[in-house]
Amino acid sequence: MKQPEVLHKVVFLDRDGVINRDSAEYIKSRQEFEFLPGSITALVRLREAGYDVIVITNQSAVNRGMITLKGLDDIHSIMKETIQRHGGRIRDIYYCPHRPDEGCDCRKPKPGLILKACDQYTIDLNHAIMVGDSTKDIECARNAGCARAVLVKTGNGPKSEKELKAGGFEADYVATDLENAADWIIQEDV
C-alpha cells in the first residue's frame, strides 16, 4: 500500500468569501466566480513560503440542484489554472455537496473535510492553519484540531467576528483579507 504524501506546512482555505466573492445566490458558474482583490497574490506568496494550500468548502448548491458536480469541477478547474498561471498552487479541493438539513459529517463546522484530507495526505494538524470568513470555518478548525484559525473580514467576516465573540469562540488572528492573512501566516510560520 502506498504511503500518503507528507505535507509539512498546510493552510486550509475556505473558498467563497476568502478566495472569491461570495453570493447569497451561490456561485453556480464560471461567470459568477470572481477572485477577490489580492487573493491570487496571497496564494502565490504562500506557495513561495513553502505552504501547501488545500481548499475546504461547503457547496450545498450541488444538492440544492443549482449546479451539477461537473459545473462545480469546472469552476474549480478554472480557479486552480488561473492561480497556477500566476505562480500559486492549490494542492487539493475538498467540498461538501450536502444541504444543512442532510446531517452529513463533512459539512463545516464538522471536521470531516479536513479529516478526509488527512486520510489522503500525512498532515500534522498541530501545525495546520484554517482560514475562513465564517464562524463555521473557525469552529471547523477547532473541531479538527488545527493549530491556528484565521478569520478574514471579506465575505461574511464582519458578521462572523461578532458571532464568534458572542459564542465564546475566537480566531487566532482577524485579517482584513487573504493577503493580510498570508502575511500573518508567513510571519508566524506555525
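Derivation of every value follows stated rules applied to the coordinates shown; laboratory data play no part. All values derive from a computational prediction rather than experimental measurement. No Cβ is skipped: glycine too gets one built from the backbone with ideal geometry, and neighbour counts run over all protein chains shown.
State whether the chain is rounded, prolate or oblate according to the following rule on the C-alpha gyration tensor (a ≥ b ≥ c being the square roots of its eigenvalues): a/c under 1.5 gives rounded; otherwise a/b larger than b/c gives prolate, and the remaining case gives oblate.
On the way: a/c = 1.16, a/b = 1.09, b/c = 1.06.
Rounded shape, in that the Cα axes give a/c under 1.5.
Take the alpha carbon gyration tensor of the stretch 3-59, find the square roots of its eigenvalues, order them as a ≥ b ≥ c, and report rounded if a/c is under 1.5; if not, report prolate when a/b exceeds b/c, else oblate. It would help to have the intermediate numbers written out before the result.
Numbers: a/c = 3.08, a/b = 1.70, b/c = 1.81.
It comes out oblate by the Cα gyration axes.
What Cys residues in the chain are without a partner cysteine, judged by a Cβ distance under 4.7 Å?
Flagged as lacking a Cys partner: Cys104, Cys118, Cys140, Cys146.
Ordered by residue, what ³J(HN,Hα) values in Hz, to whole numbers, does the stretch 84-98 give under the Karplus form 6.51 cos²θ - 1.76 cosθ + 1.60, where θ = phi - 60° and Gly and Pro are x?
5, 4, 8, x, x, 7, 9, 5, 6, 9, 10, 9, 9, x, 7
Compute the signed sum of charges (Lys and Arg +1, Asp and Glu -1) over the other residues within less than 12 Å, Cβ to Cβ, of Arg64. Could you put the intermediate results ahead of the total?
Working: positive: Lys28, Arg99; negative: Glu25, Asp101, Glu102.
Once positives and negatives cancel, what remains is -1.
Of the beta bridges DSSP finds with both residues in the chain, what % are antiparallel, to the nearest 5?
So the antiparallel bridges amount to about 5 percent of the total.
Go ahead and estimate [θ] at 222 nm for the chain from helices alone: -39,500 (n - 2.57) per DSSP H run with n ≥ 4, summed, over the residue count, rounded to 500.
Values: 6 runs with 68 residues, N = 190.
Mean residue ellipticity, 222 nm, calculated: -11000 deg cm²/dmol.
Running a GNM on the chain with Cα contacts under 10 Å, which residue among Asn20, Asn126, Asn156 ends up with the highest mean-square fluctuation?
Most flexible of the set in this elastic network: Asn126.
First select every other residue whose beta carbon is under 11 angstrom from the beta carbon of Tyr26; then total the charges, Lys and Arg +1, Asp and Glu -1. Before the final figure, lay out each step's value.
Working: positive: Lys28, Arg64; negative: Asp16, Asp22, Glu25, Glu32.
Overall, the nearby charge balance is -2.
What list of ³J(HN,Hα) couplings, whole Hz, do you get for the stretch 104-113 from phi and the Karplus terms 6.51, -1.76, 1.60, once you set θ to phi - 60° and write x for glycine and proline?
6, 9, 9, 6, 4, x, 5, x, x, 5
Counting only other residues whose beta carbon sits under 14 Å from that of Thr135, what net charge do I get with K and R as +1, D and E as -1?
On the way: positive: Arg107, Lys108, Lys110, Lys136, Arg142, Lys153, Lys159, Lys162, Lys165; negative: Asp14, Asp133, Asp137, Glu139, Glu161, Glu163, Glu170.
Taking every other residue near Thr135 into account, the sum is +2.
Apply the a/c threshold of 1.5 to the C-alpha gyration tensor of the stretch 47-127 and tell me whether it is rounded, prolate or oblate. All intermediate terms of the calculation are to be shown ahead of the outcome.
Details: a/c = 3.06, a/b = 1.23, b/c = 2.48.
Because a/c hits 1.5 or more and a/b fails to exceed b/c, the stretch 47-127 counts as oblate.
Mind listing the phi-derived Karplus ³J(HN,Hα) values for the stretch 66-76, rounded to whole Hz, using 6.51, -1.76 and 1.60 with θ = phi - 60°, and x for any glycine or proline?
Coupling constants for the stretch 66-76: 8, 8, 8, 4, 5, x, 5, 4, 4, 4, 5 Hz.
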